[in-house]
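One structure is given here, and the rest of the page talks about it.
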Amino acid sequence: MSIKENVLKIEERIQKACDKVGKKREEVILLAASKTQPVEKIIEAYESGIRYFGENKVQEGIEKIEKLKKYSDIHWHLIGGLQTNKVKYAVKYYESIHSVDRQALVDEIEKRGEKLNKVIDGLIEV
């Protein structure tokens, strides 16, 4: 099955779920885990309507982000663990961090975000 066919099936399921609970489709994001996938597959997913992508390694994701700069409406999320020493890169390149698991990490994200005048969304791991 192609990426496009998969996206269509997933979109149908999302729409049914939204209808069931009274949500609008635009209130829900579909985040594709692009980790370990080549740029060509990300482009194929993009062409199928995906705009949110998740990477689990900061550096690998940055390489892809740089290669795909012309796709300015892509939203990049960091979905893997984050070491404090890589926060400065994560804050620069990602708009959301899904694996915030300690106060020291929150503090470093806040500090680095302030330097860039950027607010980073995050999900706290409990």
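Does anyone have the angle between helix 58-67 and the longest principal axis of the chain? Alpha-carbon axes, 0 to 90°, nearest 10? Between helix and principal axis, roughly 60 degrees. Pairs of Lys residues in the stretch 31-124 that lie 8 or more places apart, or on two chains, and have C-alpha atoms under 16 angstrom apart add up to 22. Which of rounded, prolate, oblate describes the stretch 31-124, given a ≥ b ≥ c as roots of the alpha-carbon gyration tensor eigenvalues and a/c under 1.5 marking rounded, otherwise prolate only if a/b is larger than b/c? In terms of gyration-tensor shape, prolate.
Listed values for the stretch 35-50 are Karplus-derived 3J(HN,Hα) couplings in whole Hz (6.51 cos²θ - 1.76 cosθ + 1.60, θ = phi - 60°), namely 3, 6, 8, x, 4, 4, 5, 5, 4, 4, 5, 4, 5, 8, x, 6, and x replaces Gly and Pro. Helix 103-115 and the longest principal axis of the Cα set of the chain meet at an angle near 90°.
For residue 27 and residue 114, the FRET efficiency from 1/(1 + (r/R0)^6), where r spans their Cβ atoms and R0 equals 30 Å, is about 0.55. Taking the helices alone, the chain has a mean residue ellipticity at 222 nm of -14000 deg cm²/dmol, built from -39,500 (n - 2.57) per DSSP H run of at least 4 residues and averaged over all its residues. For the stretch 31-124, the solvent-accessible area with a 1.4 angstrom probe is 57 square angstrom per residue.
Would you work out the charge dipole size for the stretch 1-105 about its Cα centre, treating the Cβ of every Lys and Arg as +1 and the Cβ of every Asp and Glu as -1, and quote it to the nearest 20 debye? Show your work: numbers first, answer last.
Numbers: 20 positive and 16 negative charges, 43 e Å.
Taking the Cα centre of the stretch 1-105 as origin, the dipole is about 200 debye.
Do you know the relative contact order of the chain, to the nearest whole percent, from alpha carbon pairs under 8 angstrom that are 6+ apart? Before the final figure, lay out the partial values.
Working: 155 pairs, mean separation 22.3, N = 126.
Once normalised by length, the contact order is 18 percent.
Per 0.36 nm of contour for each residue apart, how much would the distance between residue 85 and residue 104 grow if the chain were fully extended, relative to their Cα-Cα spacing? Write down the numbers at each step before the final one.
Values: separation 19, 0.36 × 19 = 6.84 nm, distance 1.10 nm.
Gain on stretching residue 85 to residue 104: 5.7 nm.
Here the stretch 31-124 has 48 percent of its accessible surface on carbon and sulfur atoms, given a 1.4 Å probe and all protein chains in place.
The values are calculated or read from the model by the stated rules, or taken from the named source; none is laboratory data. Keep in mind the model is a prediction, meaning the values are calculated, not measured. Don't worry about glycine lacking a Cβ; one is built from the backbone with ideal geometry, like all the others, and counts go over all protein chains shown. Remember, those area values only see protein heavy atoms, side chains included, never the ligands or the DNA or RNA. Shrake-Rupley method; radii C 1.70, N 1.55, O 1.52, S 1.80 Å.
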